[in-house]
Amino acid sequence: MLQPSKIIVDDLGDELAQIIPGKDPELSVTIKRIPVSQLDLSSRIIPVCEPTLGGREAEYLMDCVESNWISSAGKYIPQFEQRFAAEAGVKYGVACLNGTIAIHLALAALDLQPDDEVILPTFTMIATINAVTYVGAKPVLIDSEPNTWNMDVNQLADKITPRTKVIIPVHTYGHPVDMDPLMELANQHGILVFEDAAEAHGAEYKGRRAGGLGHAGMFSFYANKIITTGEGGIITTNDEKLAQLTENLRDHAFSDERHFWHQYVGFNYRMTNLQAAVGLAQVEQMPTFIENRRQNAALYSRLLSEIPGIITPPEAEHVKNVFWMYSILVNDEFGMTRDELRAFLAKHGIETRTFFIPMHLQPIYYKTFAGERYPVSEMLCKRGLYLPSASSLNEHHIRYIVDMVQQAHHEAMKE
Ligand SMILES: *Cc1c(COP(=O)(O)O)cnc(C)c1O
């Protein structure tokens, strides 16, 4: 039977152990100052994220039920795929069960060998590196750069070897990676670039959409992502062969030649018509969701930039950040640690999340990268926090949350 990995926080040594966030604080409900009617909350806790189902979701779902098309055949799947591909500025979309599977499926189409290397940031969500593990390739990590928190493209050249087959840039928290120098380097070496755009629906780099900047993009439609299908994912690409192969692999690799005849080890990774129906309704609302998020982020940043020790999230030149999560860093001048601020906000009904724990510090990968250190990612892990970020939040929520951050700072300075 599977045994959990033995490396625990205590084994990391004092310096690293203090980077790892503590347990989630308990949320409690005490809303004051702002009248509850204005907060317009179904519960009085402000969740860090929640889906916004304000469009034609129910109508399209009823259509599936009434027409008896609920499985993975049905009109909403190609409609959703085409509509989403257009939003990413590419020709093809291949929908599947979730974002992790989108990454797995794209890599599975490549025939990677055990010593083939895949470069990815250490500062990401576990799914990116796990997908590399599923196909048996070797993950190679890159640190973040301090300005955008994304993979540091300047460190790439040193990590490329003759075995490097793929680079997976991750558009962290909705901010696109600096893709031009990355693509130039990748193209020079004949390396494929698969963007992990799970957090970056609609984000732009020099006027072009995330998911359409590399050879392929992978998105997630999990409930906390910018648009959702409950669970879901998609591969976006202009490469017709890759689109056809991944479409075939997601469906047991059934052959065109004869039925029940298989020339690849395929998977059942098909999305259902029900998920695609929700997805179509969601993608229709995507521009509104993104506009709301950008407005909320602008207000957050304007108000928070007055509080000492709070670093607001980046937006590089030529980039449109979609603020999947409105993320801040808590520096020493704030007077409280990140975890203390988190506990304070939780007491006031505000849910938050700490940043990713880097891959080189994960119990399951600690030995793989033993001795490697990535200082920027470690700093982000120690100081980073996301504040409530749902598309449905309004000005009252943002002002209330910032007031509470301000109050936490005042209390810390009194001590
Ligand atoms: C959410 C996410 C994924 C995984 O998507 P799922 O749909 O949850 O499988 C992969 N990569 C990143 C960066 C993510 O944020």
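Since every read-out is calculated from the coordinates, none of them should be taken as a lab result. What you see is a predicted model, and the numbers here were worked out from it, not measured in a lab. Cβ coordinates were reconstructed from backbone atoms using ideal geometry, including for glycine residues, and neighbour counts include every protein chain displayed.
The table that follows gives values for the structure above.
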{"item": "Tilt relative to the chain, helix 240-249 - C-alpha long axis, 0 to 90 degrees, to 10", "result": "90 degrees"}
{"item": "Cα→Cβ-extended label distance, 7 Å offset, between Tyr264 and His318, nm", "result": "3.4 nm"}
{"item": "Peptides ranked, highest mean first, by Cβ atoms within 10 Å: ranges 348-356, 100-108, 204-212", "result": "100-108, 348-356, 204-212"}
{"item": "For peptides 61-69, 120-128, 392-400, sequence by mean Cβ density within 10 Å, most packed first", "result": "120-128, 392-400, 61-69"}
{"item": "Within segment 241-283: backbone nitrogen closer than 14 Å to the Lys91 label point (7 Å, Cα to C-beta)", "result": "241-245"}
{"item": "Mean projection area, nm², convex hull over Cα of segment 57-284", "result": "12.4 nm²"}
{"item": "Charge context of Thr312, other residues only, Cβ under 12 angstrom, K/R +1, D/E -1", "result": "-1"}
{"item": "Ranked packing of 162-171, 307-316, most packed first, by mean Cβ within 10 Å", "result": "162-171, 307-316"}
{"item": "Degrees separating the helix 338-347 axis from the principal Cα axis of the chain, which is the longest one", "result": "80 degrees"}
{"item": "Kirkwood-type radius of segment 327-410, with distances r between different C-alpha atoms, in Å", "result": "14.3 Å"}
{"item": "0 to 90° range, to nearest 10: angle between helix 76-87 axis and the chain longest Cα axis", "result": "60 degrees"}
{"item": "Kirkwood Rh, angstrom, segment 268-338 [1 / mean 1/r, Cα pairs]", "result": "14.9 Å"}
{"item": "Using a Förster distance of 45 Å, the FRET efficiency for Asp251-Ala370 (Cβ separation, nearest 0.05)", "result": "0.65"}
{"item": "Calculated [θ] (222 nm, deg cm²/dmol) that DSSP helices of n ≥ 4 give over the chain, each run adding -39,500 (n - 2.57)", "result": "-10500 deg cm²/dmol"}
{"item": "Estimated FRET transfer efficiency (Thr133, Gln155; beta-carbon r; R0 22 Å; 0.05)", "result": "0.50"}
{"item": "Semi-axes of the equivalent ellipsoid for the chain, Cα gyration tensor, largest first, Å", "result": "35, 28, 19"}
{"item": "Environment charge of Ile142, counting only residues whose C-beta is closer than 10 Å and scoring Lys/Arg +1, Asp/Glu -1", "result": "-3"}
{"item": "Environment charge of His410, counting only residues whose C-beta is closer than 13 Å and scoring Lys/Arg +1, Asp/Glu -1", "result": "-3"}
{"item": "Debye equation applied to the C-alpha atoms of segment 95-192, log10 I(q)/I(0) at 0.22 Å⁻¹", "result": "-1.22"}
{"item": "Relative compactness, segment 187-344, computed as alpha-carbon Rg over 2.2 N^0.38 Å", "result": "1.35"}
{"item": "Relative contact order for the chain, counting Cα pairs under 8 Å that sit 6 or more residues apart, in percent", "result": "24 percent"}
